[in-house]
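Have a look at the structure below before the remarks.
No value in this document is a laboratory result; all are computed from the given coordinates. Owing to the predicted nature of the structure, the values given are computational and were not obtained by experimental measurement. Heads up, the Cβs are rebuilt from the backbone with ideal geometry, glycines too, and the neighbour counts pull from every protein chain shown.
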Amino acid sequence: MDQSFMKVIRDRRSVRLFESRPVEEEKLSHILEAALRSPSSRSLNPWQFVVVKNPETLKALSGVKPHGGAFLAGAPLAIAVIADPQRCDVWVEDTSIAATYIQLAAEFIGLKSCWCQIRLREDGHGNMATDRVREILAVPDGLEVAAIIGIGYPAEEKKGHPESYLDSSKVHFERF
């Protein structure tokens, strides 16, 4: 078995504190290639991605979901994962896969990341977070914002969860 892939899986942890140094363009290109190569139902690829590096925009995005997205203000890079629900009935699944590919690609190249759920979340003022992100990023009507992934060099150390953390009682063979 290829141990490098399992190392990425084992080492990945959500990190919310990042160094201020920017992510190199070559690394960003790798992350975006991974996102664009992610599987999607019937290869319909209902996703689109908005790359954000502007600190003012990142700060604005951090306020769309104060309890789960505040970390975006300190991230040097974020990628909003957006979908066209008219293109594919399983856009939620497809965007989730793409977001996971983004996170795993970031981990593989020495970066850390954290997922900020946007879909079906409120902004803390009774409005939908999706609407605020749509406004900030000029997302066209009809598209849905699934999540925003904050990415950067970690300013905190988090080791992967030990194997004892895994709950093997969640695995069933042949029948539940």
Open item on the list: Among the residues of the stretch 5-28, what is the count of those that are free of Cβ contacts under 8 Å to residues at least 24 places away in the same chain and either of a type in the set (Phe, Trp, Tyr) or within 16 Å of Leu104 (Cβ to Cβ) (or both)?
Closed with: 3
Open item on the list: So Ala60 ticks every box in (1) outside any helix (DSSP H, G or I); (2) in contact (Cβ under 8 Å) with a residue 40 or more places away in the chain; (3) out of contact with any strand residue (DSSP E or B) (no Cβ under 9 Å at 6 or more places or on another chain); (4) not polar (S, T, N, Q) but one. Which box is left unticked?
Closed with: (1)
- [ ] Taking only the stretch 104-144 into account, find how many residues are in contact with a strand residue (DSSP E or B) (Cβ under 7 Å, 6 or more places away or on another chain), among the hydrophobic types (A, V, I, L, M, F, W, C) and under 24 Å from Glu93 (Cβ atoms).
- [x] 11
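Return the total of residues in the stretch 143-176 being exposed (fewer than 10 other Cβ atoms within 10 Å of the Cβ) and of a type outside the set (A, V, I, L, M).
The number of residues fulfilling the criteria is 15.
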- [ ] Within the stretch 51-96, work out how many residues are within 18 Å of Glu19 (Cβ to Cβ), in contact with a Leu (Cβ under 7 Å, 6 or more places away or on another chain) and basic (Lys, Arg).
- [x] 1
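Yes or no, residue by residue, for (1) over 27 Å from Leu44 (Cα atoms); (2) of a type outside the set (Phe, Trp, Tyr); (3) in a loop (DSSP other than H, G, I, E, B):
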{"site": "Val81", "(1), (2), (3)": "no, yes, no"}
{"site": "Tyr101", "(1), (2), (3)": "no, no, no"}
{"site": "Asp131", "(1), (2), (3)": "no, yes, no"}
{"site": "Val139", "(1), (2), (3)": "no, yes, yes"}
{"site": "Glu157", "(1), (2), (3)": "yes, yes, yes"}
{"site": "Phe173", "(1), (2), (3)": "yes, no, yes"}
